[in-house]
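Asks: Got a structure for you, written out below as structure tokens; questions coming shortly.
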Amino acid sequence: MKPIQILVVDMGSQYTLVIGRTLRELGFRSAVLSPGKAEGWLKANKPQAVILSGGSASVYEENSPQPPKYILKIDIPILGICYGMQWISHKTGGLVAPHHERKEYGEAVAKFDTKDLLFRGIKSKSIVWASHGDSVEKVPVGFRIIARSVDEKVIEAMSSPSKKIWGVQFHPEVTHTKEGKKILLNFLEKIAKCEKDWQPADIVDDIRNETSKVAGDKKAIIGFSGGVDSTTLSAVLAPVFRKNLLAVCIDTGGLRRNELEEIKFNARAAGVNLKIVKASARFQKSIGRETHSEKKRKRFKKIYGRILEEEAKKFQADFIVQGSLATDLIESGSAGKADLIKSHHNVGLNLKEKELHPFRNLFKYEVRELARSLKLPSSISERQPFPGPGLFIRIIGEPPRKDKLNIARWADGEVTDILKKHGAYKGVSQLIVALDCQRTVGIKGDGRVYAYSVIVRGVKTLDFMTAEGVQFPANIRREISTVVTRHPKIVRVFFDETNKPPATTEME
Ligand code: XMP
């Protein structure tokens, strides 16, 4: 698979993911990363174009998003959108008006200089959609104004072809900007010379060819959780390996209610043979009395890797295939120099057999599109992610022993059923139900009890790099707390609506 050509730096705009989606619609893949992550990624990769997204901050705010400053000197075409353009202007000697003198919210008519490559072939006057308080009052030396709004005379775009930098004050990624897609296409094709590379079918072919070259007629096992990544990867690779591929699902004892049945169904849909390895006792022994999040993950990872190796040996496999995504590699510090946020259980296992990570350049929403293009059932393509260490990282403050796992499994099942009943499950990107073992006082029957709490958290996100905490309606929250506190060991239910950042999706 070709390396990703476009880096989109997320400066905190609600439209950043719309940029990624619009680029895919235009036929291009892109990596959408926060400024901190972008730095490590840029050092490890060589994109052909960088887009700095919009954002709600002002360049004058103390903690405003700051992409690496050297981005302005890397000799790669850059397009700054809204805050992105203001940031470029601010850093290169232009003047950004901080006092909201020229607010624009919504539609404006802009007049474009169609001689500039960015606006080549578009109508000279059309509607753009803008939403900003600050704006560029004076462009930096070496830049030209290439668009203005007709009414307000706001500087709508600037460029410096010799510096390879362009900036637009409006949002070309939203459909309300009439010529937005053409503008983005001009930037990518005419300016950055990117080639179209997003076609789900092509990606499937590329992965099949690449794997077939490396693994040929060898044998492989794939770590199979039944999630969208490992199921889709199995479906992609099944025709490459045929009988030489075995999906191995490790039943760690941390799975959810009915999950094994779903896993079996998903393996059948992907067309792979499945082996379920019952290993609950081994995980219990290995994780023991550990309560610390990272240490639990490390112990989990060790035993997980060992079992995979044993299974690879039994199957005489030369390769172990994993469905790790770009996000897993970034978050576990394996891409560039990004800080370690969490050590993912399936990254860097250092196994004896060769590891293959064919999805290493893909993001979750891309895998979902591959799944759709392979006509896998929607229960797979739209399936919520579930972490490899499962319920083990949803027990807080006490060792994740069997009795605690059982309570967490029960609570998760009940909350899931309630959300499904109210049609609220589908709108959530991931549901997290955790057991907080810090005891508090409650009343059950006639007596006081000292027992646990359950934390319910829903997040909405496309790529899990950032996420919005979901606020469930009051009637659903009420039903959840009533049902869940029927368990003799649960006295309270908390709802966690914190965004990521500062929180992460999982609590451990
Ligand atoms: P966080 O909590 O980092 O999670 O915001 C982002 C996504 O990754 C999942 N996650 C994991 N998945 N092994 C996994 O396979 C792990 O150790 C792990 N930790 C977090 C999490 O459920 C969410 O979807």
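The values are calculated or read from the model by the stated rules, or taken from the named source; none is laboratory data. Because the structure is predicted, anything quoted here is derived from the model rather than measured. All Cβ positions, glycine included, derive from the backbone under ideal geometry; neighbour counts span all protein chains shown. Protein only, heavy atoms only, side chains kept; ligands, DNA and RNA dropped before computing areas. Shrake-Rupley method; radii C 1.70, N 1.55, O 1.52, S 1.80 Å.
Asks: Hey, does region 377-392 have a residue that's crowded, with 18+ Cβ neighbours inside 10 Å and in contact with a Pro (Cβ under 8 Å, 6 or more places away or on another chain)?
Replies: Yes.
Asks: Does Lys115 satisfy the criteria of being part of a strand (DSSP E or B), open to solvent by 10 Å² or more (accessible area, probe 1.4 Å) and farther than 26 Å from Leu33 by Cα?
Replies: For Lys115, the condition - part of a strand (DSSP E or B), open to solvent by 10 Å² or more (accessible area, probe 1.4 Å) and farther than 26 Å from Leu33 by Cα - is not met.
Asks: Residue by residue through region 293-317, note down the ones that are exposed (fewer than 15 other Cβ atoms within 10 Å of the Cβ) and more than 12 Å from the ligand (Cβ to nearest atom).
Replies: Lys295, Lys302, Glu310, Lys313, Lys314, Gln316 - these are the residues of region 293-317 that are exposed (fewer than 15 other Cβ atoms within 10 Å of the Cβ) and more than 12 Å from the ligand (Cβ to nearest atom).
Asks: Step by step: first the residues of region 357-370, then only those that are more than 16 Å from the ligand (Cβ to nearest atom) and of a type outside the set (S, T, N, Q), then the one that is surrounded by the fewest Cβ atoms within 10 Å (Cβ to Cβ). Which residue is that?
Replies: Looking at residues that are more than 16 Å from the ligand (Cβ to nearest atom) and of a type outside the set (S, T, N, Q), I get Glu369.
Asks: Tell me, which residue of region 219-235 that is touching a Ser or Thr at 6+ places or on another chain (Cβ under 7 Å) and part of a strand (DSSP E or B) is nearest to the ligand (Cβ to nearest atom)?
Replies: Gly223
Asks: Also, quick follow-up: What is the number of the single condition among (1) over 24 Å from the mean Cα position of the chain (by Cα); (2) more than 16 Å from the ligand (Cβ to nearest atom); (3) in contact (Cβ under 8 Å) with a residue 60 or more places away in the chain that Glu290 does not meet?
Replies: (2)
Asks: When you scan region 52-60, do you find a residue that is touching a residue at least 24 places away in the same chain (Cβ under 8 Å), within 18 Å of Phe363 (Cβ to Cβ) and not aromatic (Phe, Trp, Tyr), even just one?
Replies: Within region 52-60, one or more residues are touching a residue at least 24 places away in the same chain (Cβ under 8 Å), within 18 Å of Phe363 (Cβ to Cβ) and not aromatic (Phe, Trp, Tyr).
Asks: Could you give every pair whose Cβ atoms fall below 6 Å, whose first residue belongs to region 496-508 and is open to solvent by 60 Å² or more (accessible area, probe 1.4 Å), and whose second residue is in a loop (DSSP other than H, G, I, E, B) and more than 9 Å from the ligand (Cβ to nearest atom), counting only separations of at least 6 or pairs across chains?
Replies: Glu497/Gln471
Asks: Now for a separate question. Please pick out the residue among Thr498, Thr505 that is in contact with a Pro (Cβ under 9 Å, 6 or more places away or on another chain) and within 13 Å of the ligand (Cβ to nearest atom).
Replies: One residue alone meets the criteria, Thr505.
Asks: Looking at Lys69, is it touching a residue at least 60 places away in the same chain (Cβ under 8 Å) and basic (Lys, Arg)?
Replies: no
Asks: Taking Ile407, is it open to solvent by less than 50 Å² (accessible area, probe 1.4 Å), within 16 Å of the ligand (Cβ to nearest atom) and in contact with a strand residue (DSSP E or B) (Cβ under 9 Å, 6 or more places away or on another chain)?
Replies: no
Asks: So which strands (runs of 3 or more DSSP E) are wholly in region 1-100 and hold at least 3 residues that are of a type in the set (Val, Ile, Thr)?
Replies: 6-9
Asks: Which of the residues belonging to region 109-144 are modelled with pLDDT of 95 or more and of a type in the set (S, T, N, Q)?
Replies: Passing the criteria: Thr114, Ser124, Ser126.
Asks: Of the residues Arg457, Arg477, which is crowded, with 16+ Cβ neighbours inside 10 Å and at pLDDT 95 or above?
Replies: Selected residue: Arg457, the only one of Arg457, Arg477 that is crowded, with 16+ Cβ neighbours inside 10 Å and at pLDDT 95 or above.
Asks: Still on this structure, please answer the following. Considering region 410-420 alone, what residues qualify as being open to solvent by less than 60 Å² (accessible area, probe 1.4 Å) and touching a helix residue (DSSP H, G or I) at 6+ places or on another chain (Cβ under 9 Å)?
Replies: Ala411, Asp412, Glu414, Val415, Ile418, Leu419 - these are the residues of region 410-420 that are open to solvent by less than 60 Å² (accessible area, probe 1.4 Å) and touching a helix residue (DSSP H, G or I) at 6+ places or on another chain (Cβ under 9 Å).
Asks: Just checking, does region 91-111 include any residue being at negative phi, touching a Pro at 6+ places or on another chain (Cβ under 8 Å) and surrounded by 16 or more Cβ atoms within 10 Å (Cβ to Cβ)?
Replies: The answer is yes, given that some residue of region 91-111 is at negative phi, touching a Pro at 6+ places or on another chain (Cβ under 8 Å) and surrounded by 16 or more Cβ atoms within 10 Å (Cβ to Cβ).
Asks: Quick one: in region 38-54, which of the residues that are at pLDDT below 90 and touching a Gly at 6+ places or on another chain (Cβ under 8 Å) is surrounded by the most Cβ atoms within 10 Å (Cβ to Cβ)?
Replies: Leu42
Asks: Here's something else I'd like to know. Could you say which residue among Thr16, Thr22 is surrounded by fewer than 24 Cβ atoms within 10 Å (Cβ to Cβ) and over 19 Å from Lys164 (Cα atoms)?
Replies: Just one listed residue meets the conditions, Thr22.
Asks: Residue check, Lys402 against (1) out of contact with any strand residue (DSSP E or B) (no Cβ under 7 Å at 6 or more places or on another chain); (2) open to solvent by 50 Å² or more (accessible area, probe 1.4 Å); (3) among the charged types (D, E, K, R); (4) under 28 Å from Gly271 (Cβ atoms), all met but one. Which one?
Replies: (4)
Asks: Of all residues in region 460-474, which are away from the ligand (no atom under 16 Å from the Cβ) and open to solvent by less than 60 Å² (accessible area, probe 1.4 Å)?
Replies: Once the filter is applied, which keeps residues that are away from the ligand (no atom under 16 Å from the Cβ) and open to solvent by less than 60 Å² (accessible area, probe 1.4 Å), region 460-474 yields only Phe472.
Asks: Still on this model: Among the candidates Gly397, Gly423, Gly442, single out the residue that is crowded, with 16+ Cβ neighbours inside 10 Å, away from the ligand (no atom under 16 Å from the Cβ) and modelled with pLDDT of 95 or more.
Replies: Being crowded, with 16+ Cβ neighbours inside 10 Å, away from the ligand (no atom under 16 Å from the Cβ) and modelled with pLDDT of 95 or more holds for just one of Gly397, Gly423, Gly442, which is Gly442.
Asks: Working only within region 422-453, note down all residues that are within 23 Å of Arg383 (Cα to Cα), among the aliphatic types (A, V, I, L, M) and not in a loop (DSSP other than H, G, I, E, B).
Replies: Leu431, Ile432, Val433, Ala434, Leu435
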